Each structure stands twice: as structure tokens, then as C-alpha cells.
Amino acid sequence: MAQTTLRSGRILLVPLADEHLEHEVELDADPEVMRYLGDGRPRTREKVELLHRHRLAVADHVPGLGFWAGFVEGTFVGWWILEPPQRPDQGPLEGQAELGYRLLPRHWRQGLASEGARELLRHGFEDLGLNRVFAETMAVNTASRATMATIGMEHVRTFFMEWEDPLPGSDLGEVEYAITRQQWLTRAGGHAGLAC
């Protein structure tokens, strides 16, 4: 299955394309957005252009997975992702995907992160037949952790990684949250369309 356009109540989720590059540049240049990501610093345009190529390539690795640019009434709000696991400690490639999201600060605290994430969970389990979806963040990133919990994901582990230039709070580790297809179906009361 090729990556498809998705819709939630307010968000149009369009497969990431070259036309979205300027939105990615704006997002990754924001210090608040990048606080818990990478080296914690805003990214240059040149870096984002390189990452853009990688982001587009995700859709080629596993059918149906990839990045989506999110729009509310035609306004870009951020992006969401379902991508295959990248590290051995994340488990098997087949049947699972990592969920991610990144929104511009002016669209925070409006329920958009969880709304888009719910739609990606639905898509992953209902349309793609995934068995498990997980998400990771720094343990100190309470806002992202709250979003994960809101959509029904559960904390499964805290782990520690080696960083060349650790961000403040790295000493508390990273966290993984996850939800299985069965948990998602159970929460939906047997009706996938009503999930979380």
C-alpha cells in the first residue's frame, strides 16, 4: 500500500513532498520545537534540506509508512510520522512502526498532536495491519509523554543512550511508550473507528 492522504476531525494529513520543505525549515528552526531533539539547537536550512531527503525516503522502506504534513483549514501545523524501527533495541521491523509528531508552538495545547497521532494509530492498525506502534522521547519531555498517554500508549521502559553532547535532562534517560493492535482494539470496544 502506498502512503495515503489521511483525515482526522480537523487535520488533513498529506504525504510529505518537496512542496512542504519550507514548512519543515520553519519547524526545525524553532528553538522550542527542537528543545528535546537532536543537539537541542535549531537546525540550519542546509541541515533540513538533507533531512528532507531522508524523510521522503522513509515512504520507500515499508509500504504505507512515512511522514505526513498536517494542515488545519489550509494552514500548516506540523508533521506526523509512522516509520520502521531504526535500532536493534526497538524490536523487529515487521509489524511495527514508530510514531512521531512535531508541531509549531503556536498550535500547541489545542489537542492537535494527539488528534493527528490517533489517526496514525488508526491507519497503522486498521489499514496497514501493524501489530505494535511505539514512540520515544526524553523522560523530561512531559508534554510529549502526556500526548502518548492520552492516545492510549503505555510506558514500557526507560532506557539510556550515549550522546556526544547530552541535552539537559539526558541523565534521566529516554522513555518508550507503546500500544499493541489488541490493546487498541480493546480500547475501541471492538470498533476500530472509535479508537481512543
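The values are calculated or read from the model by the stated rules, or taken from the named source; none is laboratory data. No experiment lies behind these values; they were computed from the predicted model shown. In this analysis, Cβ positions are derived from the backbone assuming ideal geometry, glycine residues included, and neighbour counts consider all displayed protein chains. Calculation scope for accessible area: heavy atoms of the full protein, side chains included, ligands and nucleic acids excluded. Shrake-Rupley method; radii C 1.70, N 1.55, O 1.52, S 1.80 Å.
Starting from residues that are surrounded by 14 or more Cβ atoms within 10 Å (Cβ to Cβ), touching a strand residue (DSSP E or B) at 6+ places or on another chain (Cβ under 6 Å) and not charged (D, E, K, R), keep the ones in segment 150-175 and report whichever is nearest to residue 136 (Cα to Cα). Of everything passing the filter in segment 150-175, 175 is nearest to residue 136 (Cα to Cα). Considering the conditions (1) exposed (fewer than 13 other Cβ atoms within 10 Å of the Cβ); (2) basic (Lys, Arg); (3) touching a helix residue (DSSP H, G or I) at 6+ places or on another chain (Cβ under 7 Å), residue 87 is excluded by exactly one of them, (3).
For segment 130-149, residues that are surrounded by fewer than 12 Cβ atoms within 10 Å (Cβ to Cβ) and in contact with a strand residue (DSSP E or B) (Cβ under 7 Å, 6 or more places away or on another chain) total 0.
Look through segment 57-78, keep the residues that are open to solvent by 10 Å² or more (accessible area, probe 1.4 Å) and under 19 Å from residue 116 (Cα atoms), and return whichever of them is modelled with the lowest pLDDT. Selected residue: 59.
For beta carbons closer than 9 Å, sequence separation of 6+ or different chains, a first residue in segment 160-187 that is at negative phi and assigned to a loop (DSSP other than H, G, I, E, B) and a second that is surrounded by 15 or more Cβ atoms within 10 Å (Cβ to Cβ) and among the hydroxyl-bearing types (Ser, Thr, Tyr), the qualifying pairs are 160/170; 161/170; 163/170; 167/36. Residues that are out of contact with any Asp or Glu (no Cβ under 9 Å at 6 or more places or on another chain), polar (S, T, N, Q) and touching a residue at least 24 places away in the same chain (Cβ under 8 Å) are absent from segment 120-137 altogether.
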